[in-house]
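What follows is a short report on a single structure.
Values in this text are rule-based calculations from the coordinates and carry no lab data. None of these values were measured; they are calculated from a predicted model. Heads up, the Cβs are rebuilt from the backbone with ideal geometry, glycines too, and the neighbour counts pull from every protein chain shown.
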Amino acid sequence: MLLEEQRFLHEDLERLEQGIADRISDEPKHIRDRLARDHQIAQFLDRISSQSSKLLSIYRDADGSRSREIQQIGSGDPMEEFYKQLADIKRFHAKYPNEPVENLERAYRPKKGPDAEAEPSIVDTMFTGEEGFGRFFDLHACHEMYLNLPNAKRLSYLQYLDSFDNFAPGAGGVKRAEKMTDQYFKYVGQLALDLETFMRKTRPLENVDKVIADFDKEFDSAWERDEIADWKREEQNGKSSSGTRQASTAEAVWCDDCEREFKNENVYKGHLSGKKHVRAAAERAQRLQGTSEENGDGSNHASKGNNSTHRLKERAIAEREFRVKRLASAMSTERSDTRVNVERKQGMTERERQQELENLFNATTTTSNSKDAEDGEDNDDEDKIYNPLKLPLAWDGKPIPFWLYKLHGLGVEFPCEICGNFVYMGRRAFDKHFNEARHIYGLKCLGITNTSLFRDITGIDEALRLWEKIQKDKRKDKIDDGSVVQMEDAEGNVMPEKVYYDLQKQGLL
């Protein structure tokens, strides 16, 4: 009956809402239990969406079956209709005698005790051992793919974690022309897929599809305006539509063909006769010629550059690079934690790594056993942790070893006056806080905008004096008119106008 199905759907929705409320009210301590709870809530929300759509279709009654059923029940003899429905139910159970009855109240109730331990968690098979239940990245496969790219820099895994989202030619060593290969396309696609999958696994309650759609929309608008870095549209004259890349210094020269920077013009002119430059210039000219030919054939189109096959390939690669950058910035906390974890594991032996991995997977069983024991008897003695030295607690709730406490210098206090006299324990936390929001906000309150020059400065007076000195040096470095005009003496020596008149006054010319 449609009315019975409608009633069942309403009950199912109410049970689902109650199940979500029961799980939200409980806050597990272990990250594995928290992720399992969030994934269960996400599954309940998906079921609510699907059941609501079914219920809406019944209420709309497109074929009129619900109206006919109501009319059939309301008209005629009620007892006759009742016995008819009863006979249908008996025939169904006679045909399927072992049909189980679905208990919605028990289905969505949080399971505790032996039932919860017997049922495998959805999180156990979701993450690798390196990811630590969603706390760290596992980019070893992408790192190997990066190392196999031609002309890529030989970066260690720790260095790769710092620069995997930096796709500039000087950072990764892969030039724009070399990015057009299938190998690089697979690498960037795999990197973007791994980051997106990691976000879906660690943030099940967020609408990741909407986040990715916003990234794609932002990329489309930036691509139409030709604002994507390192992917500017190239014209037939060999220059990008928005100008060549700016050099780091005034004397440096940038080579568009080789995509390299040279210290001065003499070094740049010397490399023009090299084989690498000749080959790179020929490849770039051939690429531009092919693009211009494709654009010439399709002159009736609105945009010549976007219609070329080469430009479409560039767009596909640039879109994946843009997505990697946005995903990495959205998960900056996991990225910094991954770097710290890799540094910590490099100082451990293989036996210590295996022991830590076993403790990670066994932590949930110990916590569940302790909860069951607390229900039956008091375990005040077991809950008390012996920590006379007041050492910091590790991820498992136990004090860290004393040798690790001394190694990282966690007993040394580092106060910062700019952060409001906040005290940081240990050199690592002190060095890390210069890039955090608290310290940057304190510098901005003092009127300091360039925060990168104020590392290791914690005093307000010292920071103000340094900022004042920087402003004075900028005013002094302004171009003087006397240094622009050049004068030449009788011997052919060239010098600024001011120096020339000073020497002339002294009678040295």
Residues whose modelled amide H sits under 5 Å from the amide H of Met487, counting only those 5 or more places away in sequence or on another chain, are Met495, Glu497
Taking the alpha-carbon centre of each part, the distance from the stretch 392-452 to the stretch 314-346 in Å is 23
Unit-weight point scatterers at every alpha-carbon of the stretch 2-118, Debye formula, q = 0.14, 0.19, 0.20, 0.22 1/Å: log10 I(q)/I(0) is -0.81, -1.11, -1.16, -1.25
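Cα convex hull of the stretch 407-476: how many Å³ per residue? Provide the component values of the computation, followed by the final result.
Numbers: hull volume 5.5 nm³, N = 70.
Each residue corresponds to 78 Å³ of Cα convex hull volume.
Can you tell me which of 154-166, 459-471, 94-106, 53-65 comes out highest on packing, and rank the rest after it, using the mean Cβ neighbours within 10 Å?
Numbers: 154-166: 15.3, 459-471: 13.2, 94-106: 8.3, 53-65: 10.9.
Highest to lowest by the protection proxy: 154-166, 459-471, 53-65, 94-106.
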By the mean-Cβ-within-10 Å protection proxy, highest first, 401-407, 213-219 rank as 213-219, 401-407
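Please report how many Lys pairs in the stretch 407-476 have alpha carbons closer than 23 angstrom, counting only residues at least 8 apart along the chain or sitting on separate chains.
4
Using a 10 Å cut-off on Cβ atoms, rank the peptides 27-37, 410-420, 268-278 from the highest mean neighbour count down. Please report the intermediate quantities before stating the final value.
Working: 27-37: 17.2, 410-420: 15.3, 268-278: 11.8.
So the order, starting with the most tightly packed, is 27-37, 410-420, 268-278.
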Residues meeting the amide H criterion for Phe422 (H placed from the backbone, H to H distance under 5 Å, 5 or more places apart or on another chain) are Cys416
With label points set 7 Å from each Cα along the Cα-to-Cβ direction at Phe402 and Arg34, the distance between them in nm comes to 3.2
When Lys398, Lys325 are ranked with the fewest other C-beta atoms within 10 Å first, the list becomes Lys398, Lys325
